[in-house]
1. Return one whole number: the accessible area per residue of the chain in Å², for a 1.4 Å probe.
2. Segment 1-40: Rg/Rh from Cα coordinates, Kirkwood Rh?
3. What's the FRET efficiency of Ser104 with Asn3 using the Cβ-Cβ distance as r and R₀ = 25 Å, to the nearest 0.05?
4. If R₀ is 30 angstrom, what is the calculated FRET efficiency for the pair Asp95 and Glu18, using the beta carbon separation as r and rounding to 0.05?
5. Do the sum for the chain: with -39,500 (n - 2.57) for every DSSP H run of n ≥ 4, divided by all residues, what is the mean residue ellipticity at 222 nm, to the nearest 500 deg cm²/dmol?
Amino acid sequence: LFNIPTIRIVYLANNNFEGPIPPNYGNARRLKDLYLNGNRLSGQIPPISMGQFQNLTELLLHENELTGIMPASICAIRPTGGILDDLWTDCLGVDPEVECDCCSQCFPSVV
């Protein structure tokens, strides 16, 4: 899916997908919206390489089972460094699933 060069919008929310986010998700260079929220994705959020997600404005990862720290490469494309306006994950509460200093919206863990 993420190797399709012309893909611009991916709405895969609320589908009970399981497993990790594919490490090649940053290959979709023209992608503007990526909604992966409301699934059962697990593991850490993969970093992206320089030049990836240059058009991404929305990345919704909340209501999953993701863990770890939001990669600095994702934070670098937030408004001060890029165009990513909406970055949502489960980073709210005493023991958040994902540590995120750059998220625009934090949700409580669902696990």
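1. On a per-residue basis, 54 Å².
2. We get a ratio of 0.96 for segment 1-40.
3. Here the calculated transfer efficiency is 0.35.
4. 0.85
5. Helices in the chain give a 222 nm mean residue ellipticity of -500 deg cm²/dmol.
The values are calculated or read from the model by the stated rules, or taken from the named source; none is laboratory data. These numbers come from a predicted model, not from an experiment. Backbone-built Cβ (ideal geometry, glycine too); neighbour counts: all protein chains shown. When the accessible area is computed, the model is the full protein with side chains, heavy atoms only, and any ligands, DNA or RNA have been set aside. Shrake-Rupley method; radii C 1.70, N 1.55, O 1.52, S 1.80 Å.
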